[in-house]
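Below: the structure, in structure tokens.
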Amino acid sequence: MRRLFLPLGLAAATACGGTEPPSPSALFAVTANPVASAVVGSVIGTTPSFEVRASNGRSLAGIPVSVAVTSGGGELVGAPTLSLAGPTLIGQWWLGTVSGPQTVAVRVADLSPLVFTVQAVAGPATQFAIVDGDDQFGTQNAPLFASLRVQVRDAFNNAVIGTSVRWAVDAGGGSLAATTSVTGGDGIAVAPTWTLGTIATGEQAVIASLGAFSARFTATAQLAPSSLTIEQVAPATATVFTELTPAPAFAVRDVNGTVLQGVPVTVMNTAGNGTLTGAPTLSSAGPTTIGTWRLGTTAGPHSVTVVVSGLPMRIFTVLATPDVATELALVQGATQVAFAGATLPITPRVRLLDQYGNGISGRGVLWTVTSGGGTLGGSSTVSAASTEVNGFADSPPWTLGRRGGSQLLTASNGSVVQLFSATVQTAFGITLRYVGTPPTGAIALAFTNAADRIAALIVGDLPDAQIGTTALPFNISQCNAAFTGVPPLNESVDDVIIYASVIPIDGIGQVLGSAGPCLTRTTGGLPALGTMRFDSADLTDLANRGRLADVIAHEMLHAVGIGTLWTARGLLADRDSATVRVTGPLATAACTNDLGGAAVCLGSVPAENCLNLAASLACGSGTRNTHWKESTFMTELMTGYFGTTNLLSKMTIQGLADLGYSVNTLAADPYTVPSSLMALFRAEGAAPPLTEGLTALGAPLLPRFTLERDGRVRPIRQ
């Protein structure tokens with residue numbers, strides 16, 4: 001491009017003399033925007049000018065200035081660097097080649113810039129091109145579906161605005177609603193509505209022209225759309241988030257069944273949260289696929305609808321089914337509290353879900369009691385037939401284990417698992433303390449389980465009791481001389497403390513050990529401290545024979561009062577006689593009414609009298625008066641002899657109630673008083689109906705001291 005240089009006036013001489021020159025106060029446009037617009041790439045004929053003025057309005061010369069193009073991409077030639085004493089021209093301003101506002105800014109230090117703006121407009125048309133609408137398919141004697149559009153541009157590719165384009169039918173006998181249209185802001189002219197001719201064959205055409213430029217549009221006439229048919233059905237079901245392959249497809253047909261192409265269609269998601277990409281806007285010459293349809297992550301009906309104007313719509317529907325199970329969500333029934341042996345009030349419920357949170361119905365859920373010995377409708381493991389609608393599944397009624405301790409229920413579907421825990425309700429607790437080396441393994445577990453079992457059947461809190469004083473702490477060796485080296489006690493006891501010792505004594509089959517209460521409360525007479533001492537060899541042997549847990553529970557029940565407090569509480573009648581018996585009314589009622597023992601519990605419960613026993617069973621003073629009668633009750637836990645079956649009956653639990661404890665009879669084992677015939681067999685020495693012979697238990701210890709309120713102890717006269 002040719003550039004001309006226009007000479008600028010000479011800069012004014014600087015002021016002489018010693019007076020300080022005035023400071024610039026303003027930039028003033030002398031010739032501001034002399035033209036509103038100019039063609040892109042051209043030079044501005046009348047150059048804008050400016051003055052730098054002092055505060056009194058005087059034009060200042062020699063002031064440094066910066067004059068530069070700031071938008072539009074134009075160019076300045078000969079831009080000044082100092083102001084003149086009069087109007088200062090900005091130089092030769094050549095506009096850039098992009099239409100739109102173009103600016104030059106004049107800047108002087110400490111003053112706001114002065115901006116000159118010219119609107120650059122497109123030059124003469126040099127390009128005339130079809131934008132869209134060519135090669136269409138339409139309906140005979142009807143307006144074409146899509147508009148015809150051409151775009152006019154100049155040599156620099158700028159849209160030429162406001163130019164009139166002529167339109168004329170060139171073939172086919174159709175018609176146009178008008179003969180001209182004007183280009184808009186994007187340089188595009190839209191043809192007047194083109195109605196196709198009536199011919200079904202042959203070319204139909206329209207020509208657009210602008211001066212020497214022209215563009216020809218063609219169209220093919222078809223019969224009117226008559227039906228919308230499904231060509232590729234959607235599957236009835238598919239897993240959520242699945243891309244459907246092959247994609248469903250449709251066709252637009254005329255009255256003769258011929259597939260029509262180029263007919264405008266609307267394809268859209270109308271149900272479900274799936275995605276549809278690449279959906280067509282015009283029908284194809286053959287089956288038209290709906291695009292790429294990926295089902296959403298929500299199970300349920302998903303639909304895509306195809307709409308053609310004037311025709312009944314078609315809907316593709318797929319039932320999205322859940323993905324594989326990834327979670328068994330806990331819905332209800334977690335962390336409940338109930339008495340041992342009670343059925344939980346809230347049925348445990350889970351919901352089987354896939355990774356998207358959809359409930360999965362019709363799947364099996366396995367319910368298993370995994371800790372605590374509870375049952376599910378009488379069984380420890382129950383397999384549900386299937387999950388319900390939306391994936392919910394309920395366990396059978398969960399009855400907690402009678403022995404207390406940790407209670408866990410597991411719901412599972414394959415590797416997907418959910419746990420439910422429950423707590424046995426009780427306000428009673430046994431504090432176990434070991435003297436010497438604590439036991440491990442099965443022996444330690446037997447002690448823990450026994451304490452849990454007793455806490456499950458004694459449920460009421462006992463008043464706290466002070467043992468020892470600062471001046472006179474209590475020494476445990478006063479309870480059992482073998483318990484040496486134990487720090488003396490000066491503490492408040494919640495319920496009961498039991499000290500236990502497992503040591504070698506005399507080997508298997510000799511002295512098993514002893515257990516019982518040592519300190520009893522002044523108020524109520526219930527134990528505050530007990531002791532248990534066992535031969536480690538005997539406990540190991542009992543563990544190997546499967547009898548250890550029951551033996552430890554038996555001895556611990558002695559420690560809390562069964563057999564050992566009967567005399568102190570006035571519940572033992574006819575001591576050391578053939579008719580020795582326990583007169584507790586609650587134990588008697590349980591024997592009579594609940595255990596079928598009306599014939600033997602006539603107003604009392606028979607206690608051991610060392611009569612009617614097999615000759616092989618030794619029976620001494622330690623067994624007599626402190627146990628239920630073996631020949632009458634046989635397999636009950638609190639007789640003086642152990643077999644392979646040893647049941648803690650409701651009679652024993654109510655015996656604790658007779659002592660003054662608050663109890664839970666639901667923790668009782670199922671037990672029935674044996675028939676008199678069975679007792680006769682036992683008396684005659686016949687083998688009991690057990691897989692092993694009976695084991696004699698050690699003699700229980702009776703309480704030795706009563707606690708005073710201040711923590712001091714008072715010996716009990718035996």
Filter the range 343-356 for residues that are buried (at least 20 other Cβ atoms within 10 Å of the Cβ) and aliphatic (A, V, I, L, M); the one that is nearest to the chain's Cα centre (by Cα) is 353
Of the conditions (1) part of a loop (DSSP other than H, G, I, E, B); (2) touching a residue at least 24 places away in the same chain (Cβ under 8 Å); (3) out of contact with any Leu (no Cβ under 6 Å at 6 or more places or on another chain); (4) not β-branched (Val, Ile, Thr), the single one that residue 565 does not satisfy is (3)
Out of (1) under 19 Å from residue 642 (Cβ atoms); (2) more than 54 Å from the chain's Cα centre (by Cα), the one residue 532 does not meet is (2)
In the range 534-546, residues that are surrounded by fewer than 24 Cβ atoms within 10 Å (Cβ to Cβ) and either closer than 30 Å to residue 706 by Cα or touching a Ser or Thr at 6+ places or on another chain (Cβ under 6 Å) (or both) total 1
- prompt: With respect to residue 623, is the statement that it is in contact (Cβ under 8 Å) with a residue 12 or more places away in the chain, part of a loop (DSSP other than H, G, I, E, B), of a type in the set (S, T, N, Q) and within 20 Å of residue 373 (Cα to Cα) true?
  reply: no
Scanning the range 579-605 residue by residue, those open to solvent by 20 Å² or more (accessible area, probe 1.4 Å), touching a residue at least 12 places away in the same chain (Cβ under 8 Å) and more than 18 Å from residue 656 (Cβ to Cβ) turn out to be 579, 596, 599, 600, 603
Taking the range 50-67 and keeping only residues that are in a strand (DSSP E or B) and surrounded by 14 or more Cβ atoms within 10 Å (Cβ to Cβ), one is left with 50, 51, 52, 53, 59, 60, 67
Scanning the range 132-162 residue by residue, those open to solvent by less than 60 Å² (accessible area, probe 1.4 Å) and of a type in the set (A, V, I, L, M, F, W, C) turn out to be 137, 142, 144, 146, 148, 150, 152, 159, 160
Subset of the range 377-394, residues touching a residue at least 24 places away in the same chain (Cβ under 8 Å) and touching a strand residue (DSSP E or B) at 6+ places or on another chain (Cβ under 6 Å), comes to 387, 390, 391, 392, 393, 394
Residue pairs qualifying under the 9 Å Cβ cut-off, at least six apart or on distinct chains, with the first in the range 285-298 being among the charged types (D, E, K, R) and the second being crowded, with 17+ Cβ neighbours inside 10 Å and not in a strand (DSSP E or B), are 294/241; 294/242; 294/244; 294/274
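Residue-by-condition table, conditions (1) part of a loop (DSSP other than H, G, I, E, B); (2) at pLDDT below 95; (3) on the phi > 0 side of the Ramachandran plot:
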{"residue": "576", "(1), (2), (3)": "yes, yes, yes"}
{"residue": "598", "(1), (2), (3)": "yes, no, no"}
{"residue": "611", "(1), (2), (3)": "yes, yes, no"}
{"residue": "655", "(1), (2), (3)": "no, no, no"}
On the basis of being surrounded by fewer than 21 Cβ atoms within 10 Å (Cβ to Cβ) and closer than 26 Å to residue 526 by Cα, does residue 464 make the cut? yes
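Just for the range 200-216: of the residues that are among the small types (Gly, Ala, Ser) and open to solvent by 30 Å² or more (accessible area, probe 1.4 Å), which one is modelled with the lowest pLDDT?
Of the residues in the range 200-216, the ones among the small types (Gly, Ala, Ser) are 200, 202, 205, 208-209, 211-212, 214-215.
Checking the rest, the ones that are also open to solvent by 30 Å² or more (accessible area, probe 1.4 Å) come to 200, 202, 209, 211-212, 214.
Numbers: 200: 70, 202: 76, 209: 97, 211: 94, 212: 95, 214: 96.
Out of the qualifying residues, it is 200.
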(1) assigned to a loop (DSSP other than H, G, I, E, B); (2) at pLDDT 90 or above; (3) surrounded by fewer than 18 Cβ atoms within 10 Å (Cβ to Cβ) all hold for residue 510 apart from (2)
Those residues of the range 231-258 which are hydrophobic (A, V, I, L, M, F, W, C) and open to solvent by less than 70 Å² (accessible area, probe 1.4 Å) amount to 234, 238, 240, 244, 247, 249, 250, 251, 252
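Here's the yes/no breakdown for (1) within 25 Å of the chain's Cα centre (by Cα); (2) surrounded by 16 or more Cβ atoms within 10 Å (Cβ to Cβ):
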site: 295; (1), (2): yes, yes
site: 299; (1), (2): yes, yes
site: 311; (1), (2): no, yes
site: 321; (1), (2): yes, yes
site: 324; (1), (2): yes, no
site: 336; (1), (2): yes, yes
site: 339; (1), (2): no, yes
Tell me, yes or no, whether the range 109-118 has at least one residue that is open to solvent by less than 20 Å² (accessible area, probe 1.4 Å) and either touching a His at 6+ places or on another chain (Cβ under 8 Å) or part of a loop (DSSP other than H, G, I, E, B) (or both).
-> no
Cβ pairs under 8 Å, 6+ apart or interchain, first in the range 32-49 and in a loop (DSSP other than H, G, I, E, B) and modelled with pLDDT under 90, second hydrophobic (A, V, I, L, M, F, W, C) and surrounded by fewer than 17 Cβ atoms within 10 Å (Cβ to Cβ), ordered by first then second residue, are 45/35; 46/35
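Quick grid of which residues meet (1) free of Cβ contacts under 8 Å to residues at least 40 places away in the same chain; (2) within 31 Å of the chain's Cα centre (by Cα):
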site: 396; (1), (2): yes, yes
site: 407; (1), (2): yes, yes
site: 418; (1), (2): no, yes
site: 422; (1), (2): no, yes
site: 428; (1), (2): no, no
site: 440; (1), (2): yes, no
site: 460; (1), (2): no, no
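The values are calculated or read from the model by the stated rules, or taken from the named source; none is laboratory data. From a predicted model like this one, the values you see are computed outputs, not experimental measurements. Methodologically, a virtual Cβ is constructed for each residue, glycine included, from the backbone with ideal geometry; neighbour enumeration extends over all protein chains shown. Ligands, DNA and RNA are excluded from the accessible area calculation, which covers all protein heavy atoms including side chains. Shrake-Rupley method; radii C 1.70, N 1.55, O 1.52, S 1.80 Å.
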